[in-house]
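Contents: one structure, followed by commentary.
The values are calculated or read from the model by the stated rules, or taken from the named source; none is laboratory data. What you are looking at is a predicted structure, and each value in this text was computed from that prediction instead of being measured. Counting neighbours? That spans all protein chains shown, and the Cβs are built from the backbone with ideal geometry, glycine included. Accessible surface is based on the protein model in full, side chains and every heavy atom, while ligands, DNA and RNA are left aside. Shrake-Rupley method; radii C 1.70, N 1.55, O 1.52, S 1.80 Å.
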Amino acid sequence: MLPQAVMQQAQSELLDWHGLGTSVMEISHRSKEFIALTEQAEIDLRELMSIPANYHVLFMHGGGRGQFSAVVNNFLGQQGKALYLVSGSWSQSAVAEAKKLTSDAQIDSLDIVENINGKNQVVLPDLNKIDRDYRYLHYCTNETVDGIEIFDELDSPWPIIADMSSNIMSREINVNKYALIYAGAQKNIGPSGLSIVIVRDDMLELPSLPQSSIMDYRLAVKHGSMYNTPPTFAWYLAAEVFKWLKVRGGVAAMAKINLHKAALLYDFIDSSDFYTSKVSVKNRSVMNVTFYLTNEALNGEFLNQASEEKLVALKGHRSVGGMRASIYNAMPIEGVEALVEFMQDFANKHKA
Ligand SMILES: *Cc1c(COP(=O)(O)O)cnc(C)c1O
């Protein structure tokens, strides 16, 4: 979901951007107008996330998955080893991609989700007790499919790389704790086709192997994320979303609203024996609320009736089943209230 105000702004200036008589899609990415847009986008993102000066901000291609291979190719070379924490399907996919590009001995992975009293919970190992020399530790702060979020900061002896595709800018984080943060834009920032990379400058001194130029962080830094033609329309929309976030009070203000939205939904689920959550309270995602109907035979009817109420995209990922409400920054409280009301009505009708 994108903020409606941003979509309306884009609509109003689609054919004539900044009085140039052309669309932002039609001008050169090297024109001074577009460069000004990208500079402002970086300033706004740095402000929103309090990104320190020793970090580069890159706007790249290839979505979240593109970064699965980029981190390997940029940092591991032929010898480097990395540790991957697995908390759900996206971090598992990151491991699979890393293994594809390296020899198996280079990639270690640790499953960190345990089933405790029927609920999935993240149990972090003591990383300082692992006596191995890793170039980085990779993990996913929010497992979009599973609805599992890790709120604790990791205490890691190795540089931390975090996939924040689905919870970037949903709450405040300390960027200093990370060596690299990446996010596909389409969950919480803008349209697909763009990914954001925030990388500490010392990471770029690690040895890398020859690799695809468009995914090379060093080249992206050198060319201001314009080694090749960037996804300009996605970049423009992301820049508008950053402005929208700033007007609304930034990430801290969004975090408050997001907690409120998630609590509305989880509190209702907990109060009902018609619905259930399989994630422990400690790790319930604020962005992706996964839940199940106790009577799964009603799943189809639930989805059909929800879509009649214009409540869409509630079907859980096929790998986990059930339901998932993705309530990203752009989802207003009213949307969550409407869902809770629908769920209540649906439960009442089927209990009788
Ligand atoms: C969606 C998602 C991805 C993959 O994003 P693509 O842009 O489709 O490659 C990776 N990680 C997480 C956590 C995601 O939510």
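A few points about this structure:
- The heavy atoms of residue 202 offer some 70 square angstrom of accessible surface to a 1.4 angstrom probe.
- Environment charge of residue 77, counting only residues whose C-beta is closer than 15 Å and scoring Lys/Arg +1, Asp/Glu -1: 0
- With the convex hull of the Cα atoms taken as the outline of region 45-173, the averaged projected area works out to 8.7 nm².
- Within the assembled protein chains, the solvent-accessible surface assigned to residue 99 is about 80 Å², based on a 1.4 Å probe.
- Among 112, 290, 77 the positive-end extreme of the charge dipole of the chain (Cβ point charges): 77
- In loop segments of region 140-245 as defined by DSSP, there are no chymotrypsin sites (Phe, Trp or Tyr not before Pro) with at most 12 further C-beta atoms inside 10 Å of their C-beta.
- Sum of side-chain charges, residue 237 neighbourhood, beta-carbon under 14 Å (Lys, Arg +1; Asp, Glu -1): -1
- Applying a length cut-off of 30 Å (Cα extent along the axis) and a mean Kyte-Doolittle floor of -1.0 to the DSSP H helices of the chain leaves 250-271.
- Column: log10 I(q)/I(0), Debye, Cα scatterers of the chain, q = 0.11, 0.12 Å⁻¹: -0.78, -0.92
- Only helical runs count toward this figure. For the chain, summing -39,500 (n - 2.57) over DSSP H runs of n ≥ 4 and dividing by all residues gives -11500 deg cm²/dmol at 222 nm.
- Gain on full stretching of the segment that runs from residue 337 to residue 18 - 0.36 nm per residue minus C-alpha separation: 111.1 nm
- Solvent exposure ordering (accessible area, 1.4 Å, most first) of 343, 331, 25: 25, 331, 343
- Tail fraction, Cα-Cα pairs, region 250-351, threshold 25 Å, whole percent: 14 percent
- Counting heavy atoms of the protein chains alone, residue 208 has an accessible area of about 50 Å² for a 1.4 Å probe.
- Trypsin sites (Lys or Arg not before Pro) within region 268-340, DSSP loop, no more than 10 other Cβ atoms inside 10 Å: 310, 318
- Under 9 Å, Cβ to Cβ, from residue 120 - net charge with Lys/Arg +1 and Asp/Glu -1: 0
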